[in-house]
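A quick write-up on the structure given underneath.
The values are calculated or read from the model by the stated rules, or taken from the named source; none is laboratory data. In this text, all values refer to a predicted model and were calculated from it rather than measured experimentally. All Cβ positions, even for glycine, are placed from backbone atoms using ideal geometry, and neighbour counts span all protein chains on display.
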Amino acid sequence: MIFVMSNEYRKVALVTGSSTGIGLETSLALARNGFLTCATMRDLQKSKEIESITQKENIPIKVFEMNVDNDNSINAAITKIINEYGRIDILVNNAGYGLFGALEDFTMDEIKKQFETNVFGLIRVIQNVLPTMRQQRSGIIINISSMSGLAGIPSQSAYSATKFAVEGMSEALSYELEPFRIKVILIEPGVINTKFVQDLVVPTNKYEVDKNGDGINQLVENNKDVPLSFYNDTMKKFLTFYFKAMSKAPHPRIVADEIIHGIELVSNESNTTTCPILRLTVGNDSKKYSKLKKDLTDNEFHILLKSDLLK
Ligand SMILES: NC(=O)c1ccc[n+]([C@@H]2O[C@H](COP(=O)([O-])OP(=O)(O)OC[C@H]3O[C@@H](n4cnc5c(N)ncnc54)[C@H](OP(=O)(O)O)[C@@H]3O)[C@@H](O)[C@H]2O)c1
């Protein structure tokens, strides 16, 4: 337990999308490290796993309902948390999902919905938390980006766009928040083994997802009277790579561990207003492509990524 402040009060952490995957592991890791952790989720029926671990380990986790697509839901949860605990020291913006497919195949509604959750949801939560952090003159905002936020990935034009938006926004925000000693960290995981893969959204007018299918077989061409996607070849090649990578991908606890590491780094430098780190990559794939993105020309990187991902 490394982050308890004093006997009077604990540091308070808020995590979005805590029902499963990276959000669940991060909530547990924060609580195990002494943070009073407000684990939020849009569907409280999914709180059984976190509640049962909380009880078993006797760790400080409180569950709150929060749908990041909804202003009222965010406002209600944060008001309750502030009324109850009076502060928020750490915010982990984790809630999100993947919209995979060719840009031309999506409806605008599908793309807007992707931005609603992955970008506007995150901004809404930040706007609601900032008045408290500003008054405290302290706080750490951790935004879960992705390897797709550091390089555009084939068949992820919409998803990559949301993660690039999170990257640019976070980088700019770090300057705005410096005078208030609030730090911003971007976490860039590679492929991580979570239910992200089961919850992938594909262009619904081109494909159907067969939940009983395995890997690429989950993707069934939509047999209604619509022509096959012009991008079917790229989509199938990419998803073949992706499902294979997912089957060997690391457990989400490696992301949680890196988040704790990031908080430690920033807390050790709490006397400076400048954040000592902005980006933390997680996983061998993310580390590899992050380095190559810096070392190679755009054209060299493009050729390399194509040969790795679209065999
Ligand atoms: N897994 C990967 O390979 C990977 C790689 C890089 C980055 N990421 C990022 O990591 C984050 C977490 O993903 P994950 O891998 O842990 O996936 P996951 O297991 O599918 O978890 C996603 C979480 O987000 C929640 N969520 C989705 N929409 C929401 C909304 N409108 N309001 C509140 N919660 C919402 C989900 O809630 P429900 O349970 O109700 O659906 C779930 O708790 C995402 O931002 C994702 O983009 C994932």
Those residues of segment 181-202 which are more than 11 Å from the ligand (Cβ to nearest atom) and more than 30 Å from Thr132 (Cα to Cα), in sequence order:
Val202
Which of the numbered conditions does Leu280 fail, given that it passes all the others? Conditions: (1) at pLDDT below 95; (2) closer than 17 Å to Gly149 by Cβ; (3) outside any helix (DSSP H, G or I).
(1)
Would you say Gln55 is more than 30 Å from Gln156 (Cα to Cα), within 14 Å of the ligand (Cβ to nearest atom) and not hydrophobic (A, V, I, L, M, F, W, C)?
no
Could you list, in sequence order, all residues of segment 100-117 that are away from the ligand (no atom under 16 Å from the Cβ), in contact with a Ser or Thr (Cβ under 7 Å, 6 or more places away or on another chain) and either more than 12 Å from Tyr231 (Cα to Cα) or not in a helix (DSSP H, G or I) (or both)?
Ala102
Could you grab me the full set of residues in segment 18-52 that are part of a strand (DSSP E or B) and either touching a residue at least 60 places away in the same chain (Cβ under 8 Å) or within 10 Å of the ligand (Cβ to nearest atom) (or both)?
Ala39, Thr40, Met41
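Say we look at segment 153-180 and pick out the residues that are within 11 Å of the ligand (Cβ to nearest atom) and outside any loop (DSSP other than H, G, I, E, B); which of these is farthest from Gly121 (Cα to Cα)?
Only one residue tops the list, namely Gln156.
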Considering segment 23-50 alone, what residues qualify as being touching a Gly at 6+ places or on another chain (Cβ under 9 Å), of a type in the set (A, V, I, L, M) and over 23 Å from Ile182 (Cα atoms)?
Leu24, Met41
So Val63 clears everything in (1) within 14 Å of the ligand (Cβ to nearest atom); (2) assigned to a helix (DSSP H, G or I); (3) more than 14 Å from the chain's Cα centre (by Cα) except one condition, right? Which one?
(2)
Since Leu91 meets every condition but one in (1) more than 10 Å from the ligand (Cβ to nearest atom); (2) assigned to a helix (DSSP H, G or I); (3) of a type outside the set (Phe, Trp, Tyr), which condition does it not meet?
(2)
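Results for (1) modelled with pLDDT under 95; (2) small (Gly, Ala, Ser); (3) over 26 Å from Asn193 (Cβ atoms); (4) within 22 Å of the chain's Cα centre (by Cα), shown as yes or no for each residue.
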{"residue": "Val68", "(1), (2), (3), (4)": "no, no, no, yes"}
{"residue": "Ile82", "(1), (2), (3), (4)": "no, no, yes, no"}
{"residue": "Gly98", "(1), (2), (3), (4)": "no, yes, no, yes"}
{"residue": "Glu110", "(1), (2), (3), (4)": "no, no, no, yes"}
{"residue": "Gln127", "(1), (2), (3), (4)": "no, no, yes, yes"}
{"residue": "Arg134", "(1), (2), (3), (4)": "no, no, yes, no"}
Of everything in segment 133-148, what is without any contact (Cβ under 8 Å) to a residue 40 or more places away in the chain and out of contact with any strand residue (DSSP E or B) (no Cβ under 6 Å at 6 or more places or on another chain)? Give them in sequence order.
Gln135
Is there a residue being buried (at least 24 other Cβ atoms within 10 Å of the Cβ), over 21 Å from Leu122 (Cα atoms) and in contact (Cβ under 8 Å) with a residue 60 or more places away in the chain anywhere in segment 54-71?
no
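Would you check which residues across segment 126-152 are assigned to a helix (DSSP H, G or I), near the ligand (Cβ under 10 Å from one of its atoms) and within 20 Å of Tyr175 (Cβ to Cβ) and list them?
The answer is Gly149, and nothing else.
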